[in-house]
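The values are calculated or read from the model by the stated rules, or taken from the named source; none is laboratory data. Only a predicted model underlies this, so the values are computations on that prediction, with no experimental measurement involved. All Cβ positions, glycine included, derive from the backbone under ideal geometry; neighbour counts span all protein chains shown. Accessible surface is based on the protein model in full, side chains and every heavy atom, while ligands, DNA and RNA are left aside. Shrake-Rupley method; radii C 1.70, N 1.55, O 1.52, S 1.80 Å.
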Amino acid sequence: MSPGPRASLAEQKLLRAGANRVVSPYAIGGSRVAQAVLRPAVVDFIELATRKEHLDLQIEETVIHAASQLCASTLQNSQLRQNLGVIIVAIKKSDGTMVYNPPGLTMLEAGDTLIALGRREQLDQLDVQAGPAAVES
């Protein structure tokens with residue numbers, strides 16, 4: 001079901017008024033129903049990874065700080081998968097572009113947002129590595 005022409009007009013007005021993003025429950029609901037019919041296993045996986053009550057697997061975003069040990073490293077050299085066990089699904093670069101399934105030679109830069117899949121404790125370790133580097137005494 002289409003939300004109709006008013007939703008489009010309302011969306012345009014909200015964007016002109018300064019909104020960064022407009023969320024339409026009708027569009028989200030319609031898309032969700034279609035995805036559940038066409039790709040039920042994918043929907044199940046996303047449900048598992050995005051709900052807080054499923055602590056065994058989560059998907060989170062982490063921003064790389066300028067003083068992070070990850071900054072100016074390639075994804076491969078960062079050893080995130082090997083050392084932490086997280087999977088980097090995508091990287092949102094600071095200019096807003098998305099790199100899906102980033103190759104190992106992708107350079108990690110300050111302001112990049114890592115979209116990572118892993119267990120809560122692994123994602124917490126990723127947050128630490130993406131934050132400012134610890135000062136040695």
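Residue order by solvent-accessible surface for 115, 87, 46 is 46, 87, 115, largest first, with ligands and nucleic acids left out and a 1.4 Å probe.
Taking amide H as placed 1.01 Å from N in the peptide plane, residue 89 has its amide H under 5 Å from the amide H of 115, 116, 117, each at least 5 places away in sequence or on another chain. Normalised by the number of residues in the range 69-137, the average gap of Cα pairs under 8 Å and 6 or more apart makes the relative contact order 39 percent. Rounded to 0.05, the FRET efficiency of the residue 66 and residue 46 pair, given R0 = 22 Å and the Cβ-Cβ distance, is 0.10.
FRET efficiency for the residue 124 to residue 57 pair, using the beta carbon distance and R₀ = 22 Å, is estimated at 0.95.
Considering only DSSP states other than H, G, I, E and B, which GluC sites (Glu not before Pro) in the range 79-137 qualify as loop sites with at most 11 other Cβ atoms within 10 Å?
Sparse-neighbourhood loop GluC sites (Glu not before Pro): 136.
Our estimate of slack between residue 39 and residue 9, defined as 0.36 nm per intervening residue step minus the Cα-Cα distance, is 7.7 nm. Extension gain for residue 32-residue 79 works out to 13.4 nm (0.36 nm per residue, less the C-alpha to C-alpha distance).
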